[in-house]
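Undergrad: Please read through the structure below; I'll follow up with questions.
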Amino acid sequence: MIRVDHAGEYGAVRIYEGQLAVFGKSQSKTAKAIRHMAQQEQDHLRAFDTLINERRVRPTALEPVWRVAGFALGAATALLGEKAAMACTAAVEEVIDDHYAQQVEELGSSDPALKETVQKFRADEIAHRDTALAHGAEAAPAYGLLSGAIKAGCRLAIALSTRL
Ligand SMILES: [Fe+2]
Ligand SMILES: [Fe+2]
């Protein structure tokens, strides 16, 4: 669980780095919202960095892949425009919401500390999804296609990072 979550939060950080590389110093409402979400993803990543170290979990071997793929996904969606960037967040967070919900259920009462972290981050991810929707994610060009492709990619990334 910690390996895949660490990988996912790293991917999230890279997606926002890709988007912000495109949006630069833009002061638009969307760019500001993205900077705020990016900051929270840094906090999530830091927490899982600590857990990886404390519990001696092997990090995913796919980190170099997520490094490039995350950044590319962020930059590509940002190049399509602010609404497409937000469509990316909405799609990713929908999958992560499910993923974290499933972990909370699996954890039951076995690991209260980890469970609390996952629950807290899940609430942040749901807020990110809502922010993305509020910023017009669904009005992005080819929203259905874009969203479906990104969700499929995220599910694959989760499956791979759980094992590798
Ligand atoms: Fe996160
Ligand atoms: Fe998020």
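Undergrad: Cα atoms only, region 116-164: Rg and Dmax in Å?
TA: 13.4, 37
Undergrad: Please list the radius of gyration and Dmax for region 4-83, considering alpha-carbon atoms only, with Å as the unit.
TA: Over region 4-83's Cα set, Rg and Dmax evaluate to 13.5, 42 Å.
Undergrad: Would you mind giving the three semi-axes, in whole Å and largest first, of the ellipsoid equivalent to the chain according to its Cα gyration tensor?
TA: Over the Cα atoms of the chain, the semi-axes work out to 26, 16, 15 Å.
Undergrad: OK, next. Expressed as a whole percent, how much of the Cα-Cα distance distribution for region 5-45 exceeds 13 Å?
TA: 47
Undergrad: Based on DSSP loop calls and a cut-off of at most 16 other Cβ atoms within 10 Å, the longest stretch of the chain free of exposed trypsin sites (Lys or Arg not before Pro) is what?
TA: 57-164
Undergrad: Give me the net charge for the shell around Pro141: Cβ to Cβ below 13 angstrom, other residues only, Lys and Arg +1, Asp and Glu -1.
TA: Residues near Pro141 contribute -1 overall.
Undergrad: Using a Förster distance of 22 Å, how high is the FRET efficiency between Lys32 and Ala123, based on the Cβ-Cβ distance and rounded to 0.05?
TA: 0.60
Undergrad: For the chain, what is the calculated [θ] at 222 nm in deg cm²/dmol (nearest 500), taking -39500 (n - 2.57) for each run of four or more DSSP H residues and dividing by its residue count?
TA: Taken over the chain, the calculation gives -29000 deg cm²/dmol.
Undergrad: Could you tell me which helices of the chain pass both thresholds, a Cα extent of 24 Å or more along their own axis and a mean Kyte-Doolittle hydropathy of at least -0.5, with helices taken as whole DSSP H runs?
TA: 2-23, 63-80, 82-107, 143-163
Undergrad: Next up: If you put +1 on each Lys and Arg Cβ and -1 on each Asp and Glu Cβ, how big is the dipole of the chain around its Cα centre, in Debye rounded to 20?
TA: Computed charge dipole of the chain: roughly 460 debye.
Undergrad: Averaging sequence separations of C-alpha pairs under 8 Å and six or more residues apart, then dividing by the length of region 11-164, give the relative contact order as a whole percent.
TA: Relative contact order here is 30 percent.
Coordinate-derived values only; no laboratory data. This one's a predicted model, so the numbers in the text were calculated from it and none came from an experiment. When we count neighbours, we look across all protein chains shown, and the Cβ atoms used for this are built from the backbone with ideal geometry, even at glycine.
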